[in-house]
Protein chains: 2
Amino acid sequence: MRIAVVGGLAAGPAAAAEAKRQAPDAEVVMFEEGRHVSIGTCEIPYYIAGHLGGADALVVNTAEKLERSRGFEVRLRERVTALDARAGRLVVDALDYGAQREERFDRVILATGARARRLGVPGEDAAGVFVIRDLEDAQAVRLWLETESVRHVVVAGGGYIGVEMAEAVRDRGLQATILDPSGRVLNNTVACEASDLMDRAVAAAGVAVRAEKPTEILADRAGRVRAVRTDAGELVGCQMVVVSIGVEPRTELAVAAGARVGEMGGLAVDDRMKTSLANVWACGDVAEVPRAPDGRRVLWPLAPTGRRSARVAARNAASRGGRADTFRPIAGGVAVKAFGIEVGSVGLSLAQAADAGLDAVAADVRHWTRTAAFPGSCPIDVRLVVERGAGRLLGGQIVSAEGAALRADVLVPLVQAGATARELAEDLDLVYNPPVAPAVDPLKVAASVAVRRAGR
Amino acid sequence: MRIAVVGGLAAGPAAAAEAKRQAPDAEVVMFEEGRHVSIGTCEIPYYIAGHLGGADALVVNTAEKLERSRGFEVRLRERVTALDARAGRLVVDALDYGAQREERFDRVILATGARARRLGVPGEDAAGVFVIRDLEDAQAVRLWLETESVRHVVVAGGGYIGVEMAEAVRDRGLQATILDPSGRVLNNTVACEASDLMDRAVAAAGVAVRAEKPTEILADRAGRVRAVRTDAGELVGCQMVVVSIGVEPRTELAVAAGARVGEMGGLAVDDRMKTSLANVWACGDVAEVPRAPDGRRVLWPLAPTGRRSARVAARNAASRGGRADTFRPIAGGVAVKAFGIEVGSVGLSLAQAADAGLDAVAADVRHWTRTAAFPGSCPIDVRLVVERGAGRLLGGQIVSAEGAALRADVLVPLVQAGATARELAEDLDLVYNPPVAPAVDPLKVAASVAVRRAGR
């Protein structure tokens with residue numbers, strides 16, 4: 001059995017390794033068009049800030065190490081340009097040689113990932129305008145910061161990468177301005193619907209957040225970025241621009257092969273991560289996955305989900321009809337820490353719940369991370385989103401200088417299992433000790449409010 | 001309907017408030033033999049260390065505030081000395097007046113709590129020998145430290161209170177020696193079976209831990225403690241002794257009334273916290289509660305469990321035959337932080353699992369609290385205890401300078417629900433972001449090892 005894995009950054013290596021584990025006698029080949037595999041994308045802002053040393057800190061695994069330790073073959077700088085699922089045929093371009101050839105495989109796993117969204121405005125190709133996606137981007141940004149006289153950086157998009165990049169810029173002693181149409185940071189994926197702690201920390205760090213978006217990028221005669229024009233007609237002078245307005249799944253290969261695309265634009269897969277094409281599975285950022293609270297299939301381009309979908313795709317792809325694995329819907333957990341504030345978010349925000357047609361209410365509390373009088377105790381904002389009536393936990397958002405991300409983790413099994421606010425409020429034995437948590441944990445305080453607000 | 005609550009320190013006020021909430025027209029009377037109600041026992045070591053200000057920091061609620069805000073009656077300095085369950089009669093001593101009288105109640109909730117165990121060795125009544133249990137103890141210790149020239153404190157018992165008291169003593173600039181037969185700290189309730197991080201932190205702080213126990217306490221002519229003799233024949237000079245060798249349930253009142261006692265010596269109750277006596281419920285430290293992994297009824301004298309059992313006891317006691325509440329078995333979570341190290345523990349240790357007749361194995365890993373290269377990342381030791389075969393999670397122990405207690409909280413719903421190591425390893429979406437958690441959370445790393453060790 002020959003298994004092809006297309007894409008080698010995060011989900012790809014996980015899928016190839018799992019396929020080889022599942023079917024040790026299979027020949028597993030992973031194609032990656034770039035020069036590197038297995039990159040720690042989440043670490044890029046900290047590498048740029050200078051906290052992690054050289055670029056090798058971003059390399060989780062090399063092709064050589066994977067081949068040696070996992071037993072699959074890695075083809076670097078080879079791009080799969082066409083797929084004939086029924087015939088089991090791939091067309092492969094060897095980029096460094098300009099050569100094209102065909103290969104045959106019994107099973108194909110697509111892990112083509114996502115690309116950073118572009119602004120789509122004039123001037124976007126100016127030197128000094130970057131997206132934050134792969135190792136080359138990371139190195140290019142650092143080189144720019146170290147060789148150009150950058151004083152002010154405009155960050156387009158206030159999501160987690162935008163906030164992390166603003167912090168990285170600040171940590172390098174430079175000025176940053178975030179442009180986000182919402183006028184806030186972390187307004188979408190990492191919902192901070194009910195807390196202003198992060199916004200205040202960003203402001204206190206001297207980072208401006210403007211409710212504007214770029215409409216044009218202006219460069220000097222040498223083609224270097226010098227300003228961003230916004231939809232408010234303002235000109236914001238800068239010597240670098242980071243575009244962090246999200247990612248989009250790289251579905252072209254699969255779509256050209258006839259694969260079905262889901263509502264969110266990612267590849268549609270079943271609960272075994274199988275695409276609509278015969279013998280083709282998909283995993284990682286390119287595939288849509290179901291989320292637990294409402295079953296909706298969404299794009300959730302984060303590493304833990306990618307690894308999980310890779311495992312399921314690979315086990316089924318490598319299975320000879322035996323036990324197959326199914327994908328358990330995601331809790332949708334995500335965490336950010338920047339400017340001394342942690343945000344943890346799980347499941348649906350109130351806005352997302354409404355959008356999903358659920359009758360939801362929110363319970364908001366501000367409590368303490370430890371016994372209130374204990375030295376170091378910090379305010380913590382908790383919002384729980386619950387279904388009216390039964391009080392099923394649909395999501396939670398937690399913001400504090402400490403203990404927010406791990407409290408999101410506490411909610412993960414509850415949201416994933418469809419537990420109720422009452423179970424959290426009344427039955428769950430969260431620990432109490434003055435230096436680590438107050439007598440009644442903020443999660444339980446919020447859950448008690450949620451029980452009342454859910455109304456039964 | 002008249003409802004009596006006997007005991008007013010922690011579970012008592014919670015039970016009285018819940019009973020009044022459940023049956024607003026009932027007359028609810030809470031008896032407390034001391035001068036205070038609603039004390040924050042867990043805060044005592046930090047009060048003694050001087051971190052919380054005056055003794056009022058230990059008072060969670062006053063009798064007046066409870067009466068006003070919760071609508072029940074509080075009788076301070078009144079001791080219930082006899083109970084006739086069938087007749088609904090209590091004998092009450094008004095301690096400040098030397099008067100005794102009878103009162104009639106329809107329902108009784110026992111929240112008589114636990115008392116600190118004594119050493120039972122000669123000389124134990126010397127001045128300067130303390131237990132850490134109530135507000136008076138706390139004040140007496142602080143007065144002793146502030147008026148006597150104490151240089152060295154012997155702490156008998158290396159459980160969580162022992163460790164916290166050793167830290168408090170160190171924080172006051174004094175020397176402490178812990179005597180514990182195991183030669184370690186946190187050897188029992190808060191199991192550190194597979195980690196020496198806490199032991200090393202204790203040693204690094206200059207606190208000696210000796211595998212000995214006191215056999216005699218020696219005093220000077222004025223009756224002040226001057227040394228402890230140990231079972232190794234050693235004399236340890238000191239000017240204060242803290243006895244922290246656990247607590248025992250105060251069952252006398254109930255036992256004299258004919259109540260059944262469980263295997264652990266606490267009051268036996270059903271899943272509605274009902275004792276074997278008609279119209280008598282029990283809650284808090286005096287009652288045995290079932291633990292989730294094996295259903296065994298145990299004493300678990302911690303505030304969160306006390307509040308939970310109080311709620312169930314009160315709802316059932318105050319119910320007029322309507323919906324009653326049942327007690328969900330405990331996860332058995334506990335956390336300590338001292339000397340810069342956090343320990344979180346949930347469910348059964350390997351020793352406890354063996355003792356419970358379960359076929360258990362342990363998976364031990366040392367990992368990182370954040371991305372390894374990230375500044376501030378700390379080593380973290382995780383032990384998971386799982387059932388052989390199915391891999392059901394029976395318990396977990398986590399030790400680190402950060403993020404151990406809240407990771408114990410993550411295990412709580414899993415242990416309480418009987419989840420498997422495989423679910424934790426493969427399906428649970430714990431968050432990942434370099435400043436707050438590594439790519440694969442230490443809990444998931446340990447769970448993967450546990451899946452293999454469980455063997456299937």
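The values are calculated or read from the model by the stated rules, or taken from the named source; none is laboratory data. Here the structure is a predicted model, which means the values were calculated and not measured. We place every Cβ from the backbone using ideal geometry, glycine too, and count neighbours over all the protein chains shown.
Step by step: first the residues of the stretch A:421-456, then only those that are more than 12 Å from chain B (Cβ to nearest Cβ) and under 17 Å from B:Asp409 (Cα atoms), then the one that is surrounded by the fewest Cβ atoms within 10 Å (Cβ to Cβ). Which residue is that? Looking at the filtered set, the residue picked out is A:Val445.
Residue selection: A:Arg170 fails the criterion of being assigned by TED's automatic domain parsing to the domain that holds A:Ala256 and basic (Lys, Arg). Scanning the stretch A:264-296 for residues that are among the charged types (D, E, K, R) and either buried (at least 22 other Cβ atoms within 10 Å of the Cβ) or free of Cβ contacts under 8 Å to residues at least 12 places away in the same chain (or both) yields A:Asp270, A:Asp285, A:Glu288, A:Arg291. Quickly run through the stretch B:108-127 and pick out the residues that are touching a Cys at 6+ places or on another chain (Cβ under 9 Å) and assigned to a strand (DSSP E or B). B:Ile109, B:Leu110 - these are the residues of the stretch B:108-127 that are touching a Cys at 6+ places or on another chain (Cβ under 9 Å) and assigned to a strand (DSSP E or B). When we screen B:Val91, B:Val121 for residues that are over 28 Å from B:Trp300 (Cα atoms), out of contact with any helix residue (DSSP H, G or I) (no Cβ under 8 Å at 6 or more places or on another chain) and of a type in the set (Val, Ile, Thr), the only hit is B:Val91. A single member of B:Gly389, B:Gly403, B:Gly418 is on the phi > 0 side of the Ramachandran plot and facing chain A (nearest Cβ under 7 Å), and it is B:Gly403. Which residues, counting only those in the stretch A:134-178, are in contact with a strand residue (DSSP E or B) (Cβ under 8 Å, 6 or more places away or on another chain), of a type in the set (D, E, K, R) and either closer than 27 Å to A:Ala204 by Cβ or buried (at least 21 other Cβ atoms within 10 Å of the Cβ) (or both)? Scanning the stretch A:134-178 gives A:Arg151, A:Glu164, A:Glu167, A:Arg170.
Restricting to the stretch B:87-136, count the residues that are within 30 Å of B:Met1 (Cβ to Cβ) and β-branched (Val, Ile, Thr).
Qualifying residue count for the region: 5.
Among the residues of the stretch B:330-343, those identified as more than 17 Å from A:Thr371 (Cα to Cα) and at the interface with another protein chain (Cβ under 8 Å from one of its Cβ atoms) are B:Ile330, B:Ala331, B:Gly332, B:Gly333. On the basis of being of a type in the set (Gly, Ala, Ser) and touching a residue at least 12 places away in the same chain (Cβ under 8 Å), does B:Gly321 make the cut? Taking the combined requirement at face value, the residue does not satisfy it.
Inspect all residues belonging to the stretch B:391-400 and state whether any of them is part of a strand (DSSP E or B), within 30 Å of A:Tyr47 (Cα to Cα) and of a type in the set (Val, Ile, Thr).
yes
Being small (Gly, Ala, Ser), over 20 Å from B:Ala405 (Cβ atoms), out of contact with any Cys (no Cβ under 8 Å at 6 or more places or on another chain) and buried (at least 24 other Cβ atoms within 10 Å of the Cβ) holds for only one residue in B:Ala356, B:Ala317, and it is B:Ala317.
Just so you know, in the stretch A:214-261 the residues that are in a loop (DSSP other than H, G, I, E, B), of a type outside the set (A, V, I, L, M) and within 24 Å of A:Ile48 (Cα to Cα) include one that is farthest from the chain's Cα centre (by Cα), and it is A:Gly223. Residue check: A:Ala11 meets all listed conditions (1) in contact with a strand residue (DSSP E or B) (Cβ under 6 Å, 6 or more places away or on another chain); (2) more than 26 Å from A:Leu143 (Cα to Cα) but one, namely (1). Among residues of the stretch A:262-306 being assigned to a loop (DSSP other than H, G, I, E, B) and polar (S, T, N, Q), the one that is nearest to the other protein chains (Cβ to nearest Cβ) is A:Thr275.
Can B:Ser195 be described as surrounded by fewer than 22 Cβ atoms within 10 Å (Cβ to Cβ), among the small types (Gly, Ala, Ser) and under 22 Å from B:Asp364 (Cβ atoms)? The answer is no for B:Ser195.
Of all the residues in the stretch B:128-162, those that are part of a loop (DSSP other than H, G, I, E, B), out of contact with any Phe, Trp or Tyr (no Cβ under 9 Å at 6 or more places or on another chain) and of a type in the set (A, V, I, L, M) number 1. Looking at the structure I just gave you, is B:Thr305 among the hydroxyl-bearing types (Ser, Thr, Tyr) and under 15 Å from the mean Cα position of the chain (by Cα)? Answer is yes for this residue.
Where residues in the stretch B:36-79 are within 14 Å of chain A (Cβ to nearest Cβ) and acidic (Asp, Glu), which of them is farthest from B:Pro304 (Cα to Cα)? If we take residues in the stretch B:36-79 being within 14 Å of chain A (Cβ to nearest Cβ) and acidic (Asp, Glu), then B:Asp56 is farthest from B:Pro304 (Cα to Cα).
Look at the stretch A:369-414 and say how many of its residues are touching a Cys at 6+ places or on another chain (Cβ under 8 Å), hydrophobic (A, V, I, L, M, F, W, C) and crowded, with 22+ Cβ neighbours inside 10 Å. Final tally of qualifying residues: 1. Taking the conditions (1) at pLDDT 95 or above; (2) surrounded by fewer than 19 Cβ atoms within 10 Å (Cβ to Cβ) in turn, B:Asn188 satisfies each one other than (1). For the subset of the stretch B:55-96 comprising residues that are hydrophobic (A, V, I, L, M, F, W, C) and surrounded by fewer than 17 Cβ atoms within 10 Å (Cβ to Cβ), which member is farthest from the chain's Cα centre (by Cα)? Applying the filter and picking the extreme gives B:Ala87.
Scanning the stretch A:190-208 for residues that are under 19 Å from A:Val155 (Cβ atoms) and in contact with a Leu (Cβ under 8 Å, 6 or more places away or on another chain) yields A:Cys192, A:Met198. Being in contact with a Gly (Cβ under 8 Å, 6 or more places away or on another chain) and of a type in the set (D, E, K, R) holds for only one residue in B:Arg200, B:Arg172, and it is B:Arg172. On the stretch given as the stretch A:51-75, residues that are in contact with a Leu (Cβ under 9 Å, 6 or more places away or on another chain) and at pLDDT below 95 total 5. I'd like to know if the stretch B:344-366 contains one or more residues that are closer than 30 Å to A:Ile44 by Cβ and away from every other protein chain (no Cβ under 13 Å). Yes, the stretch B:344-366 contains a residue that is closer than 30 Å to A:Ile44 by Cβ and away from every other protein chain (no Cβ under 13 Å).
When you look at A:Arg311, is it among the charged types (D, E, K, R) and either at pLDDT below 95 or over 24 Å from B:Leu430 (Cα atoms) (or both), yes or no? Reasoning before the result, please.
Details: among the charged types (D, E, K, R): yes; either at pLDDT below 95 or over 24 Å from B:Leu430 (Cα atoms) (or both): no.
For A:Arg311, the condition - among the charged types (D, E, K, R) and either at pLDDT below 95 or over 24 Å from B:Leu430 (Cα atoms) (or both) - is not met.
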